[in-house]
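Engineer: Could you have a look at this structure, given as structure tokens, before my questions?
Each value in this text was obtained by applying a stated rule to the coordinates, not by laboratory testing. Just so we're clear, the structure is a prediction, and the values are computed from it rather than from any experiment. Every residue, glycine as well, gets a Cβ built from its backbone with ideal geometry; the counts of neighbours run over all protein chains shown.
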């Protein structure tokens, strides 16, 4: 039976062992602070602190002799990182899952990266239990995810962690809301490079290591596919002209990078003909002859031969055609096909969009 509450309160952490004092050679009690002091030090309302403790298990871990609960320094760092995540719009349960899954060093590293030492103070943060007012195959997380080259900022890192936490919990609602929030704050290209591709890589790595079930990996990809498709549908009336063709190589099984390209091109008003993964060479050539596009994008994450056999089939092309290739599967020094075909290799998402959206001859308008 599915529980009525999808986010039950996290189990209470066991009281931490008292630290050793190397000089005294004996255990000494760790200092702790009541909720009022923590509220004043961090600038977080006491009711918010109590709510995070009660609902999500992010709270004090020490108990006094009188059974009063107190925050340790590590507890306060957890709360501080929780506050930063929720202030960015990450749902509280996903933020709590991320924070509780980090050890002391990981938390310290995340706070140090943003200059967030204890006592620096935060703006008042109110409890966030969900993302509100957000407009709007099989799993591929284990596959090489390409067309991403930017170094993510701290906000992006936190969002990746929140998506991974939602995947762990099989929390489809939170994951969908996070996807939409990311695309509201970033265009599709930045969302893919900074958040989506890194999140897919993380989920894929966890699956390969046996730390995450394949069901979580499938859910992560399926929901992202749905959100990217929604962007295409929302921009359908804006696209015009002859479409560019988007396809995977004949043995390529993964297509989320193609979906991200389709969505970003739709935002630019560029029509596309999405053929998806594992397109046989004869089918691709047939589609090219029928649509006569000015450009085709071919994605490959699996290794391709340097003498690409598809080029022989492109001998029937008798119009100017730019073949744009992307993905880690293409060999170095690949030989361009003959005829009126121009070969362009792109290394990142932005370059792919620019190559496919450019229209020097005005053919797509």
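Engineer: How do 82, 102 rank when sorted from fewest to most other Cβ atoms within 10 Å of their own Cβ?
Structural biologist: Lowest count first: 102, 82.
Engineer: Sticking with this one: What fraction, in whole percent, of alpha-carbon pairs in the stretch 154-233 exceed 21 Å separation?
Structural biologist: 19
Engineer: Which values, in whole Å and largest first, are the semi-axes of the equivalent ellipsoid of the stretch 237-365 obtained as the square root of 5 times each eigenvalue of the Cα gyration tensor?
Structural biologist: With the √(5λ) rule applied to the stretch 237-365, the semi-axes are 21, 17, 14 Å.
Engineer: Now for a separate question. Work the Kirkwood hydrodynamic radius out for the stretch 292-332: mean of 1/r over every pair of different alpha-carbon atoms, inverted, in Å.
Structural biologist: 11.2
Engineer: Still on this structure, I have one more. Please sort 180-192, 254-266 by packing, taking for each peptide the average over its residues of neighbouring beta carbons within 10 angstrom, highest first.
Structural biologist: 254-266, 180-192
Engineer: Same structure, new question: With the Cα gyration tensor of the stretch 31-113 in hand, convert its eigenvalues to equivalent ellipsoid semi-axes via √(5λ) and list them largest first in whole Å.
Structural biologist: Equivalent-ellipsoid dimensions as semi-axes: 20, 14, 12 Å.
Engineer: Still on this structure, please answer the following. So for the stretch 238-357: antiparallel DSSP bridges make up what percent, rounded to the nearest 5?
Structural biologist: Counting DSSP beta bridges with both partners in the stretch 238-357, the antiparallel share is about 0 percent.
Engineer: Evaluate Rg over Rh across the stretch 205-247, taking Cα atoms for both radii and Kirkwood's formula for Rh.
Structural biologist: Taking Rg over the Kirkwood Rh, I get 1.23.
Engineer: Taking neighbour counts of Cβ atoms within 10 Å as a proxy for exposure, in what order, fewest first, do 294, 312, 202, 211 appear?
Structural biologist: Least to most surrounded, the residues fall as 211, 312, 202, 294.
Engineer: Determine, for 297, 274, the number of other Cβ atoms within 10 Å of each Cβ, and report the residues in order from fewest to most.
Structural biologist: Going from sparsest to densest Cβ surroundings: 274, 297.
Engineer: Moving to a separate point now. May I ask you to order 338-345, 90-97 by the average number of other C-beta atoms within 10 Å around their residues, highest value first?
Structural biologist: Ranking, from highest mean packing down: 90-97, 338-345.
Engineer: Also, I was wondering about something else. Can you give me the relative contact order of the stretch 154-233 as a percent, contacts being Cα pairs under 8 Å and 6 or more apart?
Structural biologist: Relative contact order comes out at 38 percent.
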